[in-house]
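**Q** Let me give you the structure first, and then I'll get to my questions.
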Amino acid sequence: MRTHRVDVLVVGGGAAGMAAAAAAARVGARTVLVEEGARLGGVLDQCIHPGFGLHRYREELTGPEFAARLVAELDGVEAWTGQSLLAVDPNRPRARTVGSEGLVEIEAGAVVWAAGARERPLGALRVPGTRPAGLFVAGLAQRLVNIHGLLPGRRALVLGSGDIGLIMARRLHLEGVEVVGVVEIRPHPGGLLRNVVQCLDDFGIPLLLSHTVVEVHGRGRLTGVTLAEVDGAGAPQPGTERFVPVDTLIVSVGLVPEVEGVPFAPRDPATGGLAASTRLQTAVPWLFAAGNCLAPFDLVDTVATFGARAGTLAARHARGELSPAPRPVPVRMGRNVAALVPSSLVPGEEAILYLRAREPLDRARVTVGPDGPTRTARGVRPAEMIEVRLTAEETAAMACLQEVAVEVTALR
Amino acid sequence: MRTAVIGAGVVGALLARELCRYEGEVLLFERELDVGWGVTKANSAIVHAGFHERPGTASARFCVEGNALFPEVCGELAVPFQRIGAYVLALADGERAALEGLRARGEELGVPGLELVAGDEVRRRLPDVNPAVVAALWAPSVGITEPWALALAAVENACANGASLHVGEEVTGICLRAGRVRGVRTDRAAYDVDAVVNAAGLDADRVAALAGVPVPGLVPRRGEYLLLVDVPPSLRSAVLFPVPTPHSKGVLVVPTVDGGLLLGPTAADLAPEERDATETTTDGLAQALAGARRLVPGLPLGKVVKAFAGLRPEPRDGEFWLGETNVRGFYQAAGMRSPGLTAAPAIARWLAGGIAADLGLAPRASFRPLRPAPPRVAELPPEEWDALIARDPCYGRIVCRCNRVTEGEVVAAIRRGARTVDGVKFRTRAGFGRCQGGTCTDRILALLAREANAAPDEISLRGPGSALVVGRVR
Ligand SMILES: Cc1cc2nc3c(=O)[nH]c(=O)nc-3n(C[C@H](O)[C@H](O)[C@H](O)COP(=O)(O)OP(=O)(O)OC[C@H]3O[C@@H](n4cnc5c(N)ncnc54)[C@H](O)[C@@H]3O)c2cc1C
Ligand SMILES: Cc1cc2nc3c(=O)[nH]c(=O)nc-3n(C[C@H](O)[C@H](O)[C@H](O)COP(=O)(O)OP(=O)(O)OC[C@H]3O[C@@H](n4cnc5c(N)ncnc54)[C@H](O)[C@@H]3O)c2cc1C
């Protein structure tokens, strides 16, 4: 087995990992990035639609274009594609990887975990019925169409109205697939309003809110699904069932952070992702994290921002220049908050929090802790994360708190 | 002399292998595109101890004998077998007597190591178990295996010893002359044979009818399951049973050999014609969940990745149909209710011996019992993996991250007979993990197409009518 010594090892060559590696190299760290796929880019590579980079580059780019910009920033980074991370030593920053040239042990000063997220499979929803061909998680369908040039079916239904589901509905429609609708269990769409308009309304694709798939039919290939209306708690209502003949079901019911490679690092129970502080540092001081392995992000710009911060701080940690953090204060999801990253904040330092509201609000107030700082926000939608920046003074005032609850309330 | 075995489930596969210990030719017919896709692919995968069976029955005899054979057979065939033991949990004082009954029955059958354990001790050994447990029966000889892997390995070894496998070929007729078997007809060809074995699983009654052999009939009894992956080791230390009912062994919590956990099975009798009704149901899944939670209240349900169901071929007379029949040369290894998997190695050995004696077949001196397993990198020490990559770099390219399966292993599976995505999955475990193929299915599809020199729309999930894609984009 070969051994390789570096300052920073970055795992995952998506937006988060590339931004981390570039930032680490920029401050002088010897940096290796390992990516399992044959190319860099992660999910960006398969997202050929525009909508990336408005914040970071002030331009509307496609996923591959955005990825190409990040690749161009990888000056001084050794990027190994076709290289998989196998295991990380829980006791020190040392990892084993494999590629077509064999196993490589990498000794590092710090590790940035940026392995992204996987899609939740249909089986996890325990939908009864058969298990035929024709059931695809959205990302798989997206790769089949956009990367392999293959058509998954002729008549499709999309389960889940998050941005990925909406974008796949349009993509399949444009390829000549009859998309009979997008089904959403909640009473409001999961994705951006912009995407509902541009992906469904513009093409006459129906959106069925408060509905779900309650049975799958077909033995060889999918022949159809049974839909039903759900009540406020998401429970299917007897008597509302109807059969919809389709040969393809696109399943887009959520992303699950990919963190199994670091089983020793604590998880955030609310997101299932790695628990990290606003330094993007986990409880294991040499392990940093960024991107969808913390929680699913909807904007790649945010992912890249976090990635860069994780990379810079990892490089400083590797060189022994990062002062030990004061005790981080856990942040907790309070009223009307459905997601919150990172998991804790470092008092006395600037902090960026991202949160997702549970219910839409036209004007809202975000409160960080009792009597803590507040921010106002407009047009709050569950699909869009709200960014909350706190100053060093604001976080310093929280140093003695056991935890800080974040709330989103209506503002009149 | 030629013997045809109908059905390449675990029973037909092991039987074909045992028949290879004797002279004569063995033909194995399977109508599916691959081995082990019937009852063998959806069950609890437990190698039972035998204490659930009534003394004096064939189920009891072959279960106990089969259990004893498992280490040898799985060792020779390089198939996973883990003797992790089982607890039958009594959750109320009223259930203690049942444990005593099971122990007495097991001891009568010669089941080794049975032991009654007090509630406190059970809670100490199994921290996640329902705290209401009052006592348990510990059965150390219970094991877990990978049933389809056993069938696949047995077929490979049979073929290495001269048997011929005919997949995608359905037996449609049995030719009799003067009251004895002379041949079989399939949807492709006709073959002269001297003996036929009915190992046709859920369709054994139909195969029996082809020979005019009366049988009591089969009831498909559905068992539904939930599969969890990546569960903590504390939940995987042993198989957990409730106290059985007269109808079934109940809903269990069963570790799988690859780090998962099965919750189930339920038991619902279907109409005789519903032999492909392997769909899951709302009620069934709710029952599986409730039953499992009764044993382990705090199951990590976020780890559920799949629901599935299997059908038990329940013989109406409650007993395996084994051995010779009123038609000379027509034998059965059918009505394989649970514990059919456990019993299979012992039934195969016994029946092959009987057929050999009837046909006057001498032992085959050249029989080789060992099957070289294809490499599985997830189980190799680093130096061996490195050496493998040095020989073939494809073994360094991960295709399935969840279960650490490489391109080299996928290609090897295809070269060993996988023609479908399921064929690859069942051989390599690629796609069996936490993402359920969301990440690797397109890669496997591409490899299948490349190796078969076929168009992607010719590649199916599991045979005709299950294509994964319908063509190219415009
Ligand atoms: C379909 C879709 C549409 C989207 N649309 C938009 C949009 O319009 N605008 C926008 O701003 N954002 C969009 N996003 C969101 C944004 O693009 C993502 O959140 C972001 O790209 C995620 O980056 P990441 O680096 O965290 O993860 P990923 O891109 O998933 O990268 C993780 C990488 O890690 C690698 N990896 C994982 N495990 C290992 C291992 N063990 N060894 C080696 N490598 C490993 C993976 O192969 C992968 O390449 C979209 C996302 C999706 C899925
Ligand atoms: C829910 C459930 C749980 C179980 N749990 C356990 C357990 O934990 N332990 C245990 O020991 N046992 C268990 N069993 C029982 C065990 O799974 C079966 O006894 C065993 O798998 C039967 O194997 P088989 O080879 O007889 O049948 P199958 O695997 O069904 O094989 C028969 C094959 O014959 C083929 N075939 C049928 N007709 C024809 C034809 N005309 N021409 C060609 N091919 C044909 C079919 O395609 C099929 O592949 C369980 C069963 C179920 C359903």
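The values are calculated or read from the model by the stated rules, or taken from the named source; none is laboratory data. Predicted, not measured: the structure shown is a model, and the values here were computed from it. Cβ sites come from the backbone with ideal geometry, for glycine too, and all protein chains shown count toward neighbours. Ligands, DNA and RNA are stripped out before the accessible areas are found, and what is left, the full protein with its side chains, is counted by its heavy atoms. Shrake-Rupley method; radii C 1.70, N 1.55, O 1.52, S 1.80 Å.
**Q** Please work out whether the range A:327-412 counts as rounded, prolate or oblate from its C-alpha gyration tensor, where a ≥ b ≥ c are the square roots of the eigenvalues and a/c under 1.5 means rounded, while otherwise a/b larger than b/c means prolate and anything else oblate?
**A** Prolate shape, in that a/c is at least 1.5 and a/b is the bigger ratio.
**Q** Per residue, how many Å² of accessible area does chain B show with a 1.4 Å probe?
**A** Value for chain B: 37 Å² per residue.
**Q** What GluC sites (Glu not before Pro) does the range A:177-258 have in DSSP loop regions with at most 15 other beta carbons within 10 Å?
**A** Taking the range A:177-258 and a limit of 15 other Cβ atoms within 10 Å, the loop GluC sites (Glu not before Pro) found are A:Glu241.
**Q** Would you please give the FRET efficiency between B:Asn453 and A:Arg358, computed as 1/(1 + (r/R0)^6) with r the Cβ-Cβ distance and R0 = 51 Å, to the nearest 0.05?
**A** The computed FRET efficiency comes out at 0.45.
**Q** If you don't mind, there's one more thing I want to ask. Compute the distance from the alpha-carbon center of the range B:175-248 to that of the range B:405-441, in whole Å.
**A** The two parts, judged by their Cα centres, are 26 Å apart.
**Q** Same structure, new question: Give me the accessible area of B:Ser248, 1.4 Å probe, in Å² rounded to the nearest 10.
**A** Probe radius 1.4 Å; accessible area of B:Ser248 about 30 Å².
**Q** Once you sort the root eigenvalues of the Cα gyration tensor of chain A as a ≥ b ≥ c, which label holds: rounded (a/c under 1.5), prolate (a/b larger than b/c) or oblate (the other case)?
**A** Oblate shape, in that a/c is at least 1.5 and b/c is the bigger or equal ratio.
**Q** Calculate the length of the line joining the C-alpha centroid of the range A:281-327 to that of the range A:73-141, in whole Å.
**A** 18 Å
**Q** Just need the relative contact order of the range A:121-251 here, percent rounded to a whole number, with Cα pairs under 8 Å and 6+ apart.
**A** 31 percent
**Q** Summing both sides, how much accessible area is buried between A and B? Use a 1.4 Å probe and give Å² to the nearest 100.
**A** Heavy-atom accessible area buried at this interface is about 4100 Å².
**Q** Residue separation times 0.36 nm, minus the C-alpha to C-alpha distance between A:Glu178 and A:Thr62: what's the value?
**A** 39.3 nm
**Q** Right, something else. For the range B:377-458, state what percent of all Cα-Cα pairs lands in each successive 10 Å bin, counting from 0 Å until the bin that includes the largest distance.
**A** That works out to 20, 52, 26, 2, in percent per bin.
**Q** Determine the shielding of peptide B:406-413 by partner chains: average, over its residues, the number of Cβ atoms on other chains within 10 angstrom of each Cβ.
**A** Mean shielding by partner chains, rounded to a whole number: 1.
**Q** Rounded to whole Å and ordered largest first, report the semi-axes of the equivalent ellipsoid of the range A:121-251 derived from its Cα gyration tensor (root of 5λ).
**A** In descending order, the three semi-axes are 21, 19, 12 Å.
**Q** Let me ask something else about it. Based on the Cα gyration tensor of the protein assembly as shown, what are the three equivalent ellipsoid semi-axes, each the root of five times an eigenvalue, rounded to whole Å and given largest first?
**A** On the way: eigenvalues 521, 172, 158 Å².
Sorted largest first and rounded, they come to 51, 29, 28 Å.
**Q** Let me cross-check B:Lys306: its accessible surface, 1.4 Å probe, with only protein heavy atoms counted, in Å² to the nearest 10?
**A** 60 Å²
**Q** Stokes-Einstein D for the range B:1-138 at 10 °C, 1.306 mPa s, Kirkwood Rh over Cα pairs, in µm²/s?
**A** 90 µm²/s
**Q** Ordered by packing density, taken as the mean number of other Cβ atoms within 10 Å over each peptide's residues, highest first, how do B:96-104, A:21-29 rank?
**A** The densest-packed peptide leads the list: A:21-29, B:96-104.
**Q** Compute the relative contact order of chain B as a whole-number percentage, counting only Cα pairs closer than 8 Å that sit 6 or more residues apart in sequence.
**A** Dividing the mean separation by the residue count of chain B yields 20 percent.
**Q** How big is the shadow of the Cα convex hull of the range B:185-258, averaged over all directions, in nm²?
**A** Averaged projected hull area, Cα only: 9.0 nm².
**Q** Give the ranking of B:Tyr22, A:Tyr354 by solvent-accessible surface, highest area first, calculated with a 1.4 Å probe.
**A** I get B:Tyr22, A:Tyr354, largest accessible area first.
**Q** Oh, and also: So how much accessible area does A:Thr305 have, in Å² to the nearest 10, using a 1.4 Å probe?
**A** 60 Å²
**Q** Something else: If you take every DSSP beta bridge fully contained in the protein assembly as shown, what fraction is antiparallel? Give it as a percent rounded to 5.
**A** Here the share of antiparallel DSSP bridges comes out near 65 percent.
**Q** For chain B, which DSSP H helices look membrane-span-like by this rule: Cα extent along the axis of 24 Å or more and mean Kyte-Doolittle of at least 0.0?
**A** B:58-77, B:340-359
**Q** Provide the net charge surrounding B:Leu263, with neighbours chosen by a C-beta distance below 12 Å and charges set as Lys +1, Arg +1, Asp -1, Glu -1.
**A** Working: positive: A:Arg126, B:Arg293, B:Arg294, B:Lys303, B:Lys306; negative: B:Glu224.
So the surrounding residues net to +4.
**Q** Local charge sum around A:Ile185 (other residues, Cβ-Cβ under 11 Å, Lys/Arg +1, Asp/Glu -1)?
**A** Spelling it out: positives minus negatives among the neighbours equals -2.
**Q** Taking every residue in A:146-155, how many Cβ atoms of other protein chains lie within 10 Å of its Cβ, on average?
**A** Across A:146-155, the average partner-chain Cβ count within 10 Å equals 5.
**Q** Now for a separate question. For chain B, what is the largest minus smallest coordinate of the Cα atoms on each principal axis, given in angstrom and ordered from greatest to least?
**A** Answer, in whole Å and largest first: 62, 59, 44 Å.
**Q** Points 7 angstrom from Cα along the Cβ direction at A:Arg2 and B:Ala373: gap in nanometres?
**A** 3.0 nm
**Q** Across peptide A:168-179, how many C-beta atoms of other chains are within 10 Å of each residue C-beta, on average?
**A** 1
**Q** Using the basic label-point model (7 angstrom from Cα toward the beta carbon), what is the B:Ala97 to A:Arg96 distance in nanometres?
**A** 5.5 nm
**Q** Here is a further query. Compute the signed sum of charges (Lys and Arg +1, Asp and Glu -1) over the other residues within less than 12 Å, Cβ to Cβ, of B:Trp138.
**A** Result for the local shell: 0.
**Q** Could I ask something else about it? Going 7 Å from the Cα of B:Glu324 in the Cα-to-Cβ direction, what parts of the range B:4-39 have a backbone nitrogen less than 18 Å from that spot?
**A** Only B:4 pass the distance filter.
**Q** Relative contact order, percent, of chain A when contacts are C-alpha pairs under 8 Å separated by at least 6 residues? Display every interim value, and only then the final one.
**A** Details: 1074 pairs, mean separation 66.0, N = 412.
Value for chain A: 16 percent.
**Q** Before rounding to the nearest 500, sum -39500 (n - 2.57) across all DSSP H runs of length at least 4 in chain B and divide by the residue total; then give [θ] at 222 nm in deg cm²/dmol.
**A** -9500 deg cm²/dmol
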